[in-house]
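See below for the structure under consideration.
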Amino acid sequence: MKVGLFVPCYIDQFYPNVGIATLELLEKLGCNVTFPLNQTCCGQPMANSGYSNLTKGCDANFVSNFSEFDYIVAPSGSCVLHIKEHLKDTDHPEKAAQIRKQIFELCEFLTDILKINSLPASFPHRVGLHASCHGQRGLHLSSMSERNEPSFSKPGHLLSMVKGLELVQAERPDECCGFGGTFCVFEEAVSVKMGKDRIEEHAQNQVEYITGGDTSCLMHLEGILKRQQSPIRIIHIAEILNSSISN
Amino acid sequence: MNSRDLILNKVRQNKPDLLPLPILEAYPQGDIDLTDKFGNFLKNVGGDIYLAKDVQEARAHLTQKFQLSESIKVADYTDTNLFQQDPHSFEDVFVTIMRGQWGVAENAAIWIPEEYLPGKQRVLPFICQHLVIYLPADALLPTMYEAYQKIGTQDFGGYGVFIAGPSKTADIEQSLVIGAHGPRSLTVYLIEKQQL
Amino acid sequence: MITHAKEAEKFNKDEARVDWHDDTLWFVRQKRDRMAHNIPEWEQLREKASQIKNHTLSNLDQYLVQFEKQALANGVHVHWAANAAEHNQIVFQIIQKHGFRKIVKSKSMLTEECHLNEFLIGQGIEVIDTDLGERIVQLRHEPPSHIVLPAIHLKKEDVGETFHQHLGTEKGAKDPQYLTEAARQHLREKFIAADLALTGVNFAVAETGGIVVCTNEGNADMGAHLANVHIACMGIEKIIPRQADLSVFLRLLARSATGQPITTYSSHFLRPASGKEMHIVLVDNGRTEQLARTDFRNSLKCIRCAACFNTCPVYRRSGGHSYHTAVAGPIGSILAPNIDMRKYADLPFASTLCGSCSNVCPVKIDIHDQLWKWRQILSQEGHTGTAKATGMKLMSAVLSNPDIYRFAGSTGRWFLRHVPSLASNSLNPWFKQREMPEPPKESFRDWYLKNRKKPKGE
Ligand code: SF4
């Protein structure tokens, strides 16, 4: 199975360990993974700010990097959702359409495509899960609290395979953290308040870590945690799933 | 062009292609006891419910409950003098007693067509301090779907209302207060014998 | 210029109050969830409601004509208003014809949208809002902050103070029961004295010509049944085809709005009582333009339940007034730009696009997708500012080209550290209350080249 690894720009630049964990995990699970070297960004920062007309360059670059794979996997629900919903390429419309179908967020790739039932991972800590909205409501990674539907959680299912990990649910299981792309600076006051409120619920649960599938949300939460000098740390779900017994 | 034609023209120009009108359908409610469900919802929305074998029994009970006497003004559906009166004259009505046609188990709403209002006076269920409704025990329906099947497009007079509980508000800090502008209480008698 | 972000920042100065506002509305959301989760057919009902509304919009002209015909046959006067000014004139002329002075109103967001109160009061008419929440904000000369819970931004102490000033309640009294009782007595006098009652409309049934008004307090009925003349004002999108369609909407409305199984009163007005007069005013005011916007037309399905307000994490933490429009919240943010793009260009950005609004909406409006689409239009039409446009162009240039991207990354990762704020004029607001991650020595790509890179074909 040829897998193209998409490492979104924020992860590439600030959280290389998330990319490394994703790559190692997929390799451990038997995938033939390649990281196309000329990838940059999915284009979402512009599109969500109202400038989807400026994403042509990103789109074309994405298509030229990722049209050769069986699957494309990224450790970010938000970027995956953006590609699924908005990737366009007027020169190669069929390639863009193909990519939109082939791209998966890491957790859904593990549960829906690889259909794994066990993992050689261990992470003996108390952990809170932040369900990022684009993964949650956009990709439907978990049941949504607003809907009348059977409850399930793909990330929760994966975390339950990790030895020693104690998952504690936040009171509002799928409320937004307030990152929201450029929202985080244009609506700074509300953005930070939303982040603080998410953190508060996890703090009340006395978690050691907050994990999730979207680095952008985690970066926002980490920024607040650090300013608060909180002992709570953030960790991307790929890093937990890839953590070995020695950890 | 007058505004009517202007609006209609713009709608005609701007509306999308015709989409189908869905068929309405009943949703199975499982094996429920309508009386239980109705009663529970009524209590939840702040109403009281009693079972009475007939109207006489209900009347005796409510006379006690509201300590009715000559000096207390009651508007009763059997009183034929109410028809011609000015609605403002009901300002001091303490209890309004009327019949209900259908009760809905899923939300404790009771359907009152105009002819069931004492003297066809629309204001009476609202202006009184307390409201009493007699409802035949076999007039309970599972959901609003069945209720509208019964109501149909029949002429229910010029006015009809679903009433579910006493008037209420939560406009101050979401604290529920019973008795906003309308009645401070709603008492429902489920009348066993079909004699209303 | 008023913007949501600035108003929200002011609102957030008092954090304890934000917490209180958030909790109060979250409580309503939870009540809504309990109701929704207890109806097994909930999602089917939403779909049904959505289909009925979609159908109605696709045949709206015919339903309006049918509704008018039936209403006229019922002895009701029907008026048409192309815009807010005409609506206000129609209402005023009815009042004037009778020489009336005192009117009572029950809740109508349409009249808020048309600023009817200011207009009538300017003509010397006494206009009393009778919904408790609306009366509270009216006494305070404030607009409602929420379409279902107009005074939700106020604490009982605030209401106590307002009532002390205007209704003579005891100084410092704040018990909701006591305050509600005071309002009841005060408003009873107004109901008894009113010449004319004005109500909104929740649903207008084409096949009967009747209208349905939903309240908990009973104020619409108190007003309409006591006064000699009843005027009901409605947007043209309130039409539904069949009486039986009410079964779908009444099952959804109150459950979505306040978590009640149904409102206390669902009043069906068909004909005026004998000797009385009833009018219906059908208002366009921008609705036909919204109907023409393919991407946004289905916002006209809205039944004004406010579930999208209560669930919105931004609304809960910024308050209704920060939206500076009559209908706030997520739905307001897609309705307002239709009326005035420049003035309301900020609103579609007052969202994280989390999507919770679309999930609670009982008529399945794709609210958050429409917010995204408005953003595209607003920026293309130049309503988002030059700083942002320049920043976005720069960002696009860097991110579109792998070489420039890598170069930018190598220079201390300066570029991405400043990406969000490149689009804003001020100092990077990220750092006001947050830190940035320490830039790592190498990017993932650098690591990959060192650790995995094999020559092609190996
Ligand atoms: S958009 Fe939907 S959720 Fe929001 S007020 Fe309208 S009907 Fe309710």
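The values are calculated or read from the model by the stated rules, or taken from the named source; none is laboratory data. All values derive from a computational prediction rather than experimental measurement. Glycine also receives a Cβ, built like all others from the backbone with ideal geometry; neighbour counts cover every protein chain displayed.
Points worth noting:
- Note on segment C:249-259: residues that are away from the ligand (no atom under 12 Å from the Cβ) and either surrounded by fewer than 22 Cβ atoms within 10 Å (Cβ to Cβ) or more than 7 Å from chain B (Cβ to nearest Cβ) (or both) total 1.
- Check on A:ASN205, at pLDDT 95 or above and polar (S, T, N, Q): yes
- Among the numbered conditions (1) touching a helix residue (DSSP H, G or I) at 6+ places or on another chain (Cβ under 6 Å); (2) part of a helix (DSSP H, G or I); (3) within 24 Å of A:GLY135 (Cα to Cα); (4) within 16 Å of the ligand (Cβ to nearest atom), the only one that C:GLN376 does not meet is (4).
- Selection status of C:ALA273, within 16 Å of the ligand (Cβ to nearest atom), surrounded by fewer than 23 Cβ atoms within 10 Å (Cβ to Cβ), touching a residue at least 12 places away in the same chain (Cβ under 8 Å) and assigned to a loop (DSSP other than H, G, I, E, B): no
- Looking across segment B:50-80, the residues that are closer than 13 Å to B:LEU131 by Cβ and hydrophobic (A, V, I, L, M, F, W, C) come down to B:LEU62, B:PHE66, B:VAL74, B:ALA75.
Per-residue answers, yes or no, for (1) farther than 27 Å from C:ALA254 by Cα; (2) under 20 Å from the mean Cα position of the chain (by Cα); (3) within 16 Å of the ligand (Cβ to nearest atom):
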| site | (1), (2), (3) |
| --- | --- |
| C:ALA328 | no, yes, yes |
| C:SER333 | no, yes, yes |
| C:ARG342 | yes, yes, no |
| C:ALA345 | yes, yes, no |
| C:ALA350 | no, yes, yes |
| C:SER356 | no, yes, yes |
| C:HIS368 | no, yes, yes |
| C:GLU381 | yes, no, no |
| C:ALA389 | yes, no, no |
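- Considering segment A:1-92, the qualifying helices (runs of 4 or more DSSP H), each wholly inside and each with 1 or more residues that are among the acidic types (Asp, Glu) and within 19 Å of C:ARG452 (Cα to Cα), run over A:9-14, A:16-28.
- With respect to the stated conditions, A:LYS2 is more than 30 Å from C:GLN376 (Cβ to Cβ), of a type in the set (Lys, Arg) and in contact (Cβ under 8 Å) with a residue 40 or more places away in the chain.
- Among the residues of segment B:144-169, those that are buried (at least 20 other Cβ atoms within 10 Å of the Cβ), in a loop (DSSP other than H, G, I, E, B) and in contact with a strand residue (DSSP E or B) (Cβ under 7 Å, 6 or more places away or on another chain) comprise B:PHE156, B:ALA164, B:GLY165, B:PRO166.
- Test: residue in segment A:189-212 that is in a helix (DSSP H, G or I) and either over 29 Å from C:PHE11 (Cβ atoms) or in the same structural domain as A:SER49 (by TED's automatic domain parsing) (or both): no
Residues are listed down the side, and each one gets a yes or a no for (1) touching a Cys at 6+ places or on another chain (Cβ under 9 Å); (2) of a type outside the set (Ser, Thr, Tyr); (3) farther than 30 Å from B:GLY157 by Cβ:
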site	(1), (2), (3)
C:ASP129	no, yes, no
C:VAL148	yes, yes, no
C:ALA182	no, yes, yes
C:ASP195	no, yes, no
C:ASN202	yes, yes, no
C:VAL205	no, yes, no
C:GLY209	no, yes, no
C:ASN228	no, yes, no
C:ILE236	no, yes, no
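- Entry remark, segment C:299-325: residues being more than 13 Å from the ligand (Cβ to nearest atom) and of a type in the set (A, V, I, L, M, F, W, C) number 1 in total.
- When restricted to residues that are in contact with a Lys or Arg (Cβ under 8 Å, 6 or more places away or on another chain), at the interface with chain C (Cβ under 7 Å from one of its Cβ atoms) and surrounded by fewer than 23 Cβ atoms within 10 Å (Cβ to Cβ), segment A:17-52 contains 2.
- Given (1) in contact (Cβ under 8 Å) with a residue 24 or more places away in the chain; (2) crowded, with 23+ Cβ neighbours inside 10 Å, number of the condition B:LYS193 does not satisfy: (2)
- Listed conditions (1) in contact with a helix residue (DSSP H, G or I) (Cβ under 9 Å, 6 or more places away or on another chain); (2) farther than 30 Å from A:CYS177 by Cβ are all met by C:LEU72, apart from (1).
- Filtered residues of segment C:1-55 (kept if assigned to a helix (DSSP H, G or I), out of contact with any Lys or Arg (no Cβ under 8 Å at 6 or more places or on another chain) and acidic (Asp, Glu)): C:GLU7, C:GLU9, C:ASP19, C:ASP23, C:ASP33
- Residue match in segment C:168-181 (condition: at negative phi, within 23 Å of the chain's Cα centre (by Cα) and not polar (S, T, N, Q)): no
Conditions tested, residue by residue: (1) assigned by TED's automatic domain parsing to the domain that holds C:HIS115; (2) over 19 Å from C:GLY133 (Cβ atoms); (3) more than 16 Å from the ligand (Cβ to nearest atom); (4) surrounded by 22 or more Cβ atoms within 10 Å (Cβ to Cβ).
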{"residue": "C:ARG184", "(1), (2), (3), (4)": "yes, no, yes, no"}
{"residue": "C:ALA193", "(1), (2), (3), (4)": "yes, yes, yes, no"}
{"residue": "C:GLY200", "(1), (2), (3), (4)": "yes, no, no, yes"}
{"residue": "C:GLY210", "(1), (2), (3), (4)": "yes, yes, yes, yes"}
{"residue": "C:ASN216", "(1), (2), (3), (4)": "yes, no, yes, yes"}
{"residue": "C:ALA232", "(1), (2), (3), (4)": "yes, yes, yes, yes"}
{"residue": "C:ASP245", "(1), (2), (3), (4)": "yes, yes, no, yes"}
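- Residue within segment A:186-200 that is touching an Asp or Glu at 6+ places or on another chain (Cβ under 8 Å) and either more than 12 Å from every other protein chain (Cβ to nearest Cβ) or touching a residue at least 40 places away in the same chain (Cβ under 8 Å) (or both) present: yes
- If the condition is being facing chain B (nearest Cβ under 8 Å) and either among the β-branched types (Val, Ile, Thr) or crowded, with 24+ Cβ neighbours inside 10 Å (or both), then segment C:285-315 contributes C:THR288, C:LEU291, C:THR294.
- Tally of residues being touching a Lys or Arg at 6+ places or on another chain (Cβ under 8 Å), more than 13 Å from C:CYS312 (Cβ to Cβ) and in a loop (DSSP other than H, G, I, E, B) across segment C:328-373: 4
- If the condition is being at pLDDT below 95, among the small types (Gly, Ala, Ser) and on the phi > 0 side of the Ramachandran plot, then segment B:138-196 contributes B:GLY152, B:GLY157, B:GLY179.
- Total residues in segment A:143-178 satisfying the condition of being buried (at least 21 other Cβ atoms within 10 Å of the Cβ) and within 7 Å of another protein chain (Cβ to nearest Cβ): the figure is 5.
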